1. With (1) surrounded by fewer than 21 Cβ atoms within 10 Å (Cβ to Cβ); (2) touching a helix residue (DSSP H, G or I) at 6+ places or on another chain (Cβ under 6 Å); (3) at pLDDT below 95 as the list, and residue 383 as the residue in question, which single condition is left unmet?
2. Collect the residues in segment 447-462 that are of a type outside the set (Asp, Glu) and within 15 Å of residue 89 (Cβ to Cβ), keeping them in residue-number order.
3. Residue 419 - would you say it is assigned to a helix (DSSP H, G or I), surrounded by fewer than 21 Cβ atoms within 10 Å (Cβ to Cβ) and modelled with pLDDT of 95 or more?
4. State whether one or more residues within segment 115-126 are in contact (Cβ under 8 Å) with a residue 12 or more places away in the chain, part of a strand (DSSP E or B), outside the structural domain of residue 459 (by TED's automatic domain parsing) and within 18 Å of the chain's Cα centre (by Cα).
5. Which of the residues that make up segment 302-342 are among the charged types (D, E, K, R), modelled with pLDDT of 95 or more and surrounded by fewer than 19 Cβ atoms within 10 Å (Cβ to Cβ)?
6. Would you call residue 350 at pLDDT 90 or above, touching a Pro at 6+ places or on another chain (Cβ under 9 Å) and not polar (S, T, N, Q)?
7. Tell me which residues, restricted to segment 243-271, are farther than 20 Å from residue 138 by Cβ and assigned to a loop (DSSP other than H, G, I, E, B).
Amino acid sequence: MSKIHLLSCVTGIMALWAATTAQAGWPTGDFLAPPDQVVVIKAGHLYEPKEGKLLPNQVVIIHGDKITDVGPNLPIPSGAKVIDLSSATVMPGMTDAHVHINILLSTTREDERTSTQRALWALRMAQIHLNAGFTTIFDLDTRDGSFFDVDLRDMIEAGVVQGPRMQVVGAAINPRDKSYARDYDYGTFPVRPHEKDITGPWALRAAVREAKAHGVDYIKIFGTDDFAGRNGLWGEDGSFTPHFELTLEEVQAVVDEAHRLGLKVACHSYDGTSKDPCLVAGVDTPNHLVQLDESGIKLMKEKHLIFEPTLDDIVFFEANDLKESKGRNSMLKMTERAVRLAHQNGVEIAFGSAAVIAPNLMEFGPSKDARVAWAGHQGNQFAIYVKWGLTPAEALRTTYLGAPHVLNYHMENKIGTIEKGKYADIIAVAGDPLQDITEMERVKFVMKGGLVVRDEGSAAAQRAAQSQ
């Protein structure tokens, strides 16, 4: 059986499972809150992201998966389950608007994992993100040419399996213009067979339509080097030269077609100047932009674009960047300049980590490498933002306001704050993140849609721990 056929079988089974669940007429899945469930959270302090402040002694009332009231000294409904977080700081669930639940960093080649292994790794990674307090994630590229993340998203939404809310792009649209890639089965070929090699605006429009038919929420394109290879990015003088993979006409075709179909567009770009086709065409979410300058800032402000630097993968490349540039430069150094420039000019910044799978860090806990945050450990990104000049409240804004606005379907109206009518996606930390932003790396309580996922922070959980 070919890899493509096997992958089709696996994703087909996942889709059938989700469809069968829906057709069975079950009122809820195992991981959905019953509509008649009533839960009350007593919050010692509640974080309000819009004002960037803590509100003391708040009560949050939840019916089913939605928040129905918030305020001080509210009466507790009869029969409600009470969760006492009066000694904690209660916060909205976080959003990471750039993850890769199917990228494995290990000595195992990507090609050696079966399709089943990829799907199961992805589910586990999604659950690790949720366990860390990221109740919503945006997966940007399955990296195997499939659309299995659509099925995973739907199964989570149906309550068949547990996981965060997801938006997905399926397979990214990834043309290449500068180097070959290796196919381990057949030798060296100009392109990787599991990714589309699209050329020309009409072919790109067709690829967008195909992705829409697969059920994606977003389209992702590669504006500059990624799969094409990193050869030639660095000069010995420390210069950095990304190569544009798409013409302006091609990017405009993608944006036009996607918007016509109700989709948004994300662009991988290591540029960020006024020459960047992704900025000129007005993609919804430009990612990375390590060379962002005043001309790029002007375009972003004119088009009301949100800047999404992805700190985790930039940190990951630091050692190699310094080696290739003879210690003169790195994408991390350039990203710091870009973030400071965007912040100074009032450009909205969205939290996006590009966190990936790291098998040696599978269990939730402190990262073994303080400089790199793998899946579930990206909370240390807030401290980097504070180091680069943002206040703790501004750093938190990236996940509570910036990231939800990146998502499609106006998700900012459903998540990101603890307000009446929004999903009951709630986390808690022990201390005050406005005083110590690293509290975001030590989430003690997680609720998604009214269901408790993890509890080490409530009074009941603390009493249970002390009695052991």
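1. Here residue 383 clears every test but (3).
2. 447, 457, 458, 459, 462
3. Considered against the rule, which asks whether it is assigned to a helix (DSSP H, G or I), surrounded by fewer than 21 Cβ atoms within 10 Å (Cβ to Cβ) and modelled with pLDDT of 95 or more, residue 419 comes out as no.
4. Within segment 115-126, none of the residues are in contact (Cβ under 8 Å) with a residue 12 or more places away in the chain, part of a strand (DSSP E or B), outside the structural domain of residue 459 (by TED's automatic domain parsing) and within 18 Å of the chain's Cα centre (by Cα).
5. Result: 302, 303, 333, 337, 340.
6. Yes: the conditions hold for residue 350.
7. Once the filter is applied, which keeps residues that are farther than 20 Å from residue 138 by Cβ and assigned to a loop (DSSP other than H, G, I, E, B), segment 243-271 yields 243, 245, 246, 247, 271.
Residue-wise test of (1) part of a helix (DSSP H, G or I); (2) at pLDDT 95 or above; (3) buried (at least 23 other Cβ atoms within 10 Å of the Cβ); (4) at negative phi.
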site	(1), (2), (3), (4)
68	no, yes, no, yes
74	no, yes, no, yes
98	no, yes, yes, yes
130	yes, yes, yes, yes
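The values are calculated or read from the model by the stated rules, or taken from the named source; none is laboratory data. Because the structure is a prediction, the values reported are computed rather than measured. Counting neighbours? That spans all protein chains shown, and the Cβs are built from the backbone with ideal geometry, glycine included.
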